[in-house]
Structures are given as structure tokens and as C-alpha cells.
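First up is the structure itself, then whatever we jot down about it.
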């Protein structure tokens, strides 16, 4: 039986959990961009929102999320360096004026600058992603051109200790879901590797219902095209080794078929033996399988999917919104989708329930909707709730709707300074990073 005192204790506990929730979050919003991140344990997500820059009298911006695996080193490096490298390369390739402040190569003149067409920018982005990734591998080869000649563990560990960051950037991996936006002419290029996502959500001309579509391709063994692409790139007798026990993970360990880093799956095994195996990681099983089955690398590439979207096709009344997110958000949306489907099956009046067909539809339906704080098991006070932050609202509502009990246990465990381990599925929650971009707000 509850007493007034016990109810007060319950309210205090809910508020305490609310503060713990906010301590694990990063969020902000401005006139056109919201972002929010719920940090799992450990946090391997990163994100980047570049400053606006001017190129050929047009204003540009790059936004991206990076989901690290095997460690956060690659994702961290990408977030810090890829946007600025992209800007410098764009200005070298496309600048028609020296006013950009970036010196043009000696072989480039104003008259020979490449025009900023949809095709040229798409091809440029593909080259930049592959070049950036190749440099991660070249840096390893520069410090160890002949790993097969290293037979002494002492020599191998000395090399690793002297070049930890270089080796870790190539050993770990990361996805990327990014958009390059020409904000002056409302053009957008979507550039992705791995299983992070970019969706475009719009409203119908009448009513408030949103239509939401996934813009990019996912590069995992669960995608039939990717499964067959990887299979066909290697001798047929390797197929059972690539997809062990019929799984959709390469060598039974790596779900991504395209990613930055992951050079254990791109380089010969001699590099794994001499260098990558020395890097402490939560994914040590992958070292064993790589050494056993890596016969004809590469098995993973960094070739991105790039798609051009003409945002002028959408009116302001359609309220176009671009959502960029790591797969932690999609996992929650799929969980909510499954619970809705189960409810529909068991409900005698299921015909009145609008069952959403995909996780993307779930995200689109919740987009822009403020959660009902009174219905949540994790109480946030109104003054602590970020105002009109669609990215935070999505993250908060999906966490509370889908895994409320697990979230409470996770937060209480964190408060007790007992961090959940990677293998503890009862407490582990994946990182979630979301960026929401409104194309017309900046105008």
C-alpha cells in the first residue's frame, strides 16, 4: 500500500533518474539544426556539424554521424578531420575565385575549375571518402611496410606502442551517414557507408501526416545486394567462410560490408598478426576469424553510396526535414514497431490500429511531436526539457516507449558506478546520435 511518503520517494526517484538521463545526453538546437546524443557504455558514436562556408558565391554545410565499432578511435578521427578535409578539397577542386582563402594548386586556374554540377559533386564525394580511408591504411604501411618480417613479439609491441593512434585508426572501424548541403540553391548530396541512416520526411499538402523515406543504402550482410556483392568478389569455395554458419556477418563477426577503417578485413593477415592483434578491443573474436579466413582481401570497402536530392522539389508547406542517425535509433524504432504489431494481432479491434510498416515510418510519425512527460517512466522537468528539439524528442520518446524498464536499470547501474559490460545485454544500451536538419529554416 502506497503512503504519501512512499509516493514522495517515488517522485524523487523518478526525478533522480531524469537527472541521470540528462547526464548521459548531449543536445542543442538552433534555427535550422537540432542534434541529440544518448551515450551508451562505452560511447563510440561521434557527430560533426560544420560551420557554413562560402564557395563560388554559395553557402555550404556538411553534417554527419559516425558510428564506431571495435573502439571509438576511427569515428573520433573522422568527426575531427573529415569535414575540414572535405572543405579544403572542395575549394581546391571547385573554387572559381581566390577569395576563398585556400590557395589553388599550381595546375588549377580559375577557368579550369570544375563546375559544381550534381554529377561532379557526387563523383567528388566518392573519391574523397575512398581517399580519406586509403590514407588510414597508407599510414600503417608507412610505419610497417613489411609486417611479414616481424617475428618477434617484443618488436611488434614496440612498434605498436610508438604508433598506437595510427594503428588504432585503421584497426577500429566506423560508419558514416552525412549530407553536403548547398544552402543557397537548396541542393543536397547524401553520402554514406555502413548502416547509419539519412531519411527525408515531408508533410502532405493537406493534413499533418508525414511521408518518410530512407534515402541511403545500408551496407551490411543483411542487404541482399551487399551479401551477393561480397560473395561474388571472392572464390566460390570461400563463401561458407565469409558467411559462417549462414550468418550475415563477415567471418561471423563484422556486420558492415562498407566502412572506414576495419583494415583487418582489407589488408593481408600479416598486418593483423604483427600490429592489429596488439590493439585491445571488445571485438577480439574478429582477430581469430580474420587470421583463419582472410584469404583474398579486401572483404570490406569504403566505396560510399552517394545520392543527389534537389530540395527545391519540396515547398515550405511540405515542411521537409532531414534526419541523420546511427543505428541505435533504428533498433529502438524496430522494437516499437514489433510491439505495435503484436498489439494489433492480439487486439480484436485491430482494424482501428494504424500499424506502421517500417522503422522509418515510426521515426517519421514521431518527428516533431513533443513527448508526454507525464506518461514517461523517466521524469524530466519542463525547465530541463530542451525546447522544440526534434532530435532529443525522438531519442527520448523511443527510449521511454521501447525499453523503459531496461533504461531505468541502466541508469541506476550507472549511478552506482557499476558500468554495464559490452556482453551484458540486460543493461547494455547502444549509442544513439540524431541530427535533424530543416532545409528552409535558414532562409
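The values are calculated or read from the model by the stated rules, or taken from the named source; none is laboratory data. Just so we're clear, the structure is a prediction, and the values are computed from it rather than from any experiment. Glycine also receives a Cβ, built like all others from the backbone with ideal geometry; neighbour counts cover every protein chain displayed.
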| Looking at (1) on the phi > 0 side of the Ramachandran plot; (2) buried (at least 17 other Cβ atoms within 10 Å of the Cβ); (3) at pLDDT below 95, which is the only condition residue 194 fails? | (3)
| task | Could you check residue 264 against (1) surrounded by fewer than 21 Cβ atoms within 10 Å (Cβ to Cβ); (2) under 20 Å from residue 144 (Cβ atoms); (3) in contact (Cβ under 8 Å) with a residue 24 or more places away in the chain; (4) touching a helix residue (DSSP H, G or I) at 6+ places or on another chain (Cβ under 7 Å) and say which number it fails? | result | (1)
| message | Given (1) over 30 Å from residue 55 (Cα atoms); (2) assigned to a helix (DSSP H, G or I); (3) without any contact (Cβ under 8 Å) to a residue 12 or more places away in the chain, identify the lone condition not met by residue 127. | response | (1)
| query | Scanning the range 221-249 for residues that are in contact (Cβ under 8 Å) with a residue 24 or more places away in the chain and touching a helix residue (DSSP H, G or I) at 6+ places or on another chain (Cβ under 6 Å), which turns out nearest to residue 292 (Cα to Cα)? | reply | 241
| Restricting attention to the range 233-249, does a residue exist that is closer than 23 Å to residue 169 by Cα and surrounded by 17 or more Cβ atoms within 10 Å (Cβ to Cβ)? | yes
| note | Flagged pairs (Cβ under 6 angstrom, 6 or more apart or on separate chains; first in the range 331-359, over 15 Å from residue 397 (Cα atoms); second modelled with pLDDT of 90 or more and surrounded by 12 or more Cβ atoms within 10 Å (Cβ to Cβ)) are 356/362
| note | Across the range 287-304, the tally of residues that are surrounded by fewer than 19 Cβ atoms within 10 Å (Cβ to Cβ) and touching a strand residue (DSSP E or B) at 6+ places or on another chain (Cβ under 7 Å) stands at 1
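Just to confirm my filter: which helices (runs of 4 or more DSSP H) fall fully inside the range 326-443 and include at least 3 residues that are modelled with pLDDT of 65 or more and surrounded by fewer than 18 Cβ atoms within 10 Å (Cβ to Cβ)?
Because the criterion is at least 3 residues that are modelled with pLDDT of 65 or more and surrounded by fewer than 18 Cβ atoms within 10 Å (Cβ to Cβ), the helices (runs of 4 or more DSSP H) in the range 326-443 that meet it are 327-346, 404-415.
Residue-wise test of (1) more than 22 Å from residue 158 (Cα to Cα); (2) in a helix (DSSP H, G or I); (3) modelled with pLDDT of 95 or more.
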residue	(1), (2), (3)
227	yes, yes, yes
239	yes, yes, no
267	no, no, yes
277	no, yes, no
289	yes, yes, no
297	yes, no, yes
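If the requirement is being more than 22 Å from residue 134 (Cβ to Cβ) and over 23 Å from the mean Cα position of the chain (by Cα), which of these qualifies: 255, 231?
Working: 255 fails: over 23 Å from the mean Cα position of the chain (by Cα).
On inspection, the qualifying residue turns out to be 231.
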| said: So, residue 187, is that one more than 21 Å from residue 264 (Cα to Cα) and modelled with pLDDT under 95 or not? | reply: no
